[in-house]
Amino acid sequence: MKVIIVIIVLFFMHFNSIAQEFKIDASYNYLFANQWDKAIQTYNFSRPFIYEKQPLFIHGFSTSGTYIFKSPKRLKHGVNISYSYFRSSSENINLNVKLHLHFLKLGYLLHYEYPGKLNRLYSDFIFAATTSGLYRNVNGKPFKYDEEKSKALGIGGEISFKTGYSMTLKNKIGISPFLLVAYSPYFYSPNTEAVITQTLGLASRTSTGIISAQLGISFQIRQ
C-alpha cells in the first residue's frame, strides 16, 4: 500500500504544472471475472466440511487520480492512475481464509465536455494497462507454498467509459457523481487458481475476461 501511495504522489507532482483540471475519485466497484469465480466455486465444492463458503470477488472499492491537459477544445487528453481492492473472507473452525485482490492501472484518456444545456455533463474514454496481485491469508498469517508466500500476479489491458455531472462548490473547486463501466477482454494471471484452490489447470484457465462497474464521486480542481 505504501508503494502505491508513493507512485500516486509522484504522478501528481509530475503533471501538476501542465494540467488544466485535476480529479480525485472514490467509488464502489463491482467486479465479474468468470474464471476466478469458477476457481472459488470449485474450492467451495471440494470442501463440503466448511460451514461458511468462500465469497466471490464482487464488491470492492476504488480510488483514482486524473490529470486533464490544457486545451481550448472540448475534447481533451489526460492521464489516469487508479487503485482497486477486493476481499473474499470466510471464517470456519480452525480455517479462516482471506483473499486480498489488488489492481493498479495506468491509463490514457479522452475527456469530452458537452456543449449548450448539457455543459455540466462530461464523458471519459480510458485505455489502461492493468496489473494485479492476489494474496492468501490462512488463520491470520500469509499462506506459504514451497516456503514462499503464496501470490498470483496478473497483467492485461482495459477499456472503460465514464460519465459524470459537474457541480461547482466554490471558485475552481467542484464535485461530480459518476458512473464508470470497464471491460478487460483478456487478463493473464496464471497462478490465480493455485492461490485459491492449491491446484493448477483443473478449475479454471490461466486468463479471464473482466467486467467491472463503478459508482462514485469525483472531486475536481481547475487551474
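The values are calculated or read from the model by the stated rules, or taken from the named source; none is laboratory data. All of these numbers come straight from a predicted model, not from anything done at the bench. Every residue, glycine among them, receives a Cβ derived from its backbone with ideal geometry; neighbour counts consider all protein chains shown. Quick note on the areas: whole protein, heavy atoms, side chains included, nothing else; ligands and nucleic acids left out. Shrake-Rupley method; radii C 1.70, N 1.55, O 1.52, S 1.80 Å.
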**OP:** Go through the residues of region 211-221 one by one and say whether even a single one is crowded, with 19+ Cβ neighbours inside 10 Å and over 28 Å from I24 (Cα atoms).
**Re:** no
Subject >> So G201, is it open to solvent by 10 Å² or more (accessible area, probe 1.4 Å) and within 17 Å of the chain's Cα centre (by Cα) >> reply: no
**OP:** List the number of the failed condition for L101; all other conditions in (1) of a type outside the set (G, A, S); (2) at pLDDT below 95; (3) part of a strand (DSSP E or B) hold.
**Re:** (2)
Original post:
Is it the case that Y67 is hydroxyl-bearing (S, T, Y), assigned to a strand (DSSP E or B), open to solvent by less than 30 Å² (accessible area, probe 1.4 Å) and more than 18 Å from Y183 (Cβ to Cβ)?
Top reply: yes
Subject >> Check on F125, hydrophobic (A, V, I, L, M, F, W, C), buried (at least 18 other Cβ atoms within 10 Å of the Cβ) and farther than 30 Å from P48 by Cβ >> reply: no
Original post:
Conditions: (1) farther than 26 Å from S218 by Cα; (2) assigned to a strand (DSSP E or B); (3) modelled with pLDDT of 95 or more; (4) not basic (K, R). N137 meets all but one. Number of the miss?
Top reply: (3)
**OP:** Run F61 past the list (1) farther than 30 Å from Q198 by Cα; (2) open to solvent by 90 Å² or more (accessible area, probe 1.4 Å); (3) assigned to a strand (DSSP E or B) and report the number of the one that doesn't hold.
**Re:** (1)
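Residue check: is K172 within 19 Å of S88 (Cβ to Cβ), among the basic types (K, R), without any contact (Cβ under 8 Å) to a residue 60 or more places away in the chain and open to solvent by 90 Å² or more (accessible area, probe 1.4 Å)?
Values: within 19 Å of S88 (Cβ to Cβ): no; among the basic types (K, R): yes; without any contact (Cβ under 8 Å) to a residue 60 or more places away in the chain: yes; open to solvent by 90 Å² or more (accessible area, probe 1.4 Å): yes.
Spelling it out, it is not the case that K172 is within 19 Å of S88 (Cβ to Cβ), among the basic types (K, R), without any contact (Cβ under 8 Å) to a residue 60 or more places away in the chain and open to solvent by 90 Å² or more (accessible area, probe 1.4 Å).
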Original post:
Within region 42-58, is even one residue in contact with a Phe, Trp or Tyr (Cβ under 6 Å, 6 or more places away or on another chain), of a type in the set (D, E) and open to solvent by 20 Å² or more (accessible area, probe 1.4 Å)?
Top reply: no
